[in-house]
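To start, the structure under review is shown below, and the notes come after it.
Derivation of every value follows stated rules applied to the coordinates shown; laboratory data play no part. All figures in this text were calculated on a predicted structure; none of them were measured in a lab. Cβ atoms come from the backbone with ideal geometry, glycine included; neighbour counts cover every protein chain shown.
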Amino acid sequence: MFRHIGKTRTYIHNARLAAILSFIAGIVNITGLLSARTLTTNVTGHFAYFAEEVVNQNYAIAFIYLFFILSFLFGSFVSNLLIEIVSRIKPQQSFLLPMILEIILLSFVALFGTRSLFSNYDGQLIAYTLLFSMGLQNSLVTKVSQSVVRTTHLTGLFTDLGIELSQLFFYRHEAELKNLKKSIYLRLTIISFFFTGCIAGGFYFKTLELKTLLIASAFLVLALFYDYLIFNFYNLKRKVFLR
C-alpha cells in the first residue's frame, strides 16, 4: 500500500491507500470544524476569508487565515522533504517519517488540545496543527500514488468524477472502458470513505471531543502495521518459492 512505487504499484494499492487515508481525513475534517470552527483539510475557503478580511482592513484576522494556508503548505513541504531524504537511504520506507509525524501531531492535539495553551487562542493552534498534519498527509499520498490519489479535499475529485462519468457515454473500447470504470470506482472510494470518516468522527466527537483524533491516529498505526505484515508476508512467500 505504501511501499510499492513505480511499475510495482497496482490499482489495489491505490484503492487501499485511498480508503484508509480519506477516512482519516474525514475524521480530522469534522473534528477540526467542531473543535476550532475551522476547515482543516484544505485551504480553498481560507483564501476567500483572507481576501474578505483584507478588503475589510481587518489585517490581524487576515493574517490568521494566511497562517492557516501556510500551515498546510509547510506540512506538504516537510512531508516531501522527509520522503526525499529517506528515499536516498531506504526507498521502501520513505513514507514512514511523515506518517509517524502525523500520528504524533494528531495524538498531541487529542491529548493536550483542551489545555490552556490551546484554548487561549480560540482553537487557532489546533487549526494550525491539523492543517499542517493534513498537508503532511496530502503530500505523502500524492507522492506515493504518483498523483493518482488525493484524500484531503473533494473539489477536484468531484470535477474529475463528473468528467469521467460523462465519458462513459463515449468510450467504446473494452480496455478504455475498464480503465475508466476503475478510475471512477477509485474516486467514489475516496468520496465515500471521507464522508464516512466525517459522519463517524461527528458521532464520536459528542462524547470524546478532541480525543476523537486518537481514532484517526489508531487507524494510521493500523495502516502501517498492515503494510508491514503484508510486505513481509510476500517477501517470505517469495523466498520459499525460490527455494
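Couple of notes before you dig in:
- Whether the range 152-215 is rounded, prolate or oblate, judged on the alpha carbon gyration tensor where a/c under 1.5 counts as rounded: prolate
- The range 1-115: Rg to Rh, with Rh as the Kirkwood radius over Cα pairs: 1.05
- The protection proxy used here, the mean number of other Cβ atoms lying within 10 Å of each residue, ranks peptides 163-173, 123-133, 23-33, 57-67 as follows, highest first: 23-33, 123-133, 57-67, 163-173.
- Oblate is the label for the range 22-84, because the ratio a/c of its alpha-carbon gyration tensor axes (a ≥ b ≥ c) is 1.5 or higher and a/b is not greater than b/c.
- This ranking places 227, 160 by how few other beta-carbon atoms lie within 10 Å of each, fewest first, which gives 160, 227.
- Footprinting exposure proxy for 134, 99 (fewest neighbouring C-beta atoms within 10 Å first): 99, 134
- Sequence-distant contacts, meaning Cα pairs under 8 Å at least 6 residues apart, place the relative contact order of the range 1-87 at 16 percent.
- For the pair residue 184 and residue 229, label points projected 7 Å from Cα toward Cβ lie 3.4 nm apart.
- Length-normalised contact order for the chain - Cα pairs under 8 Å, 6+ apart - percent: 35
- Considering the chain, its Cα convex hull presents a mean projected area of 16.3 nm².
- Other residues lying with their Cβ under 10 Å from the Cβ of residue 184 contribute a combined charge of +1, Lys and Arg counting +1, Asp and Glu -1.
- If the segment from residue 48 to residue 61 were pulled out straight at 0.36 nm per residue, it would be longer than the present Cα-Cα gap by 3.4 nm.
- Using the Karplus relation 6.51 cos²θ - 1.76 cosθ + 1.60 with θ = phi - 60°, the per-residue 3J(HN,Hα) values for the range 28-34 come to 5, 4, 6, 5, x, 5, 6 Hz, with x marking Gly and Pro.
- Cα long-axis angle, helix 155-167 against the chain (0 to 90 degrees, to the nearest 10): 40
- With a simple spin-label model that places each label point 7 Å from the Cα along the Cα-to-Cβ direction, the separation between residue 207 and residue 163 comes to 4.4 nm.
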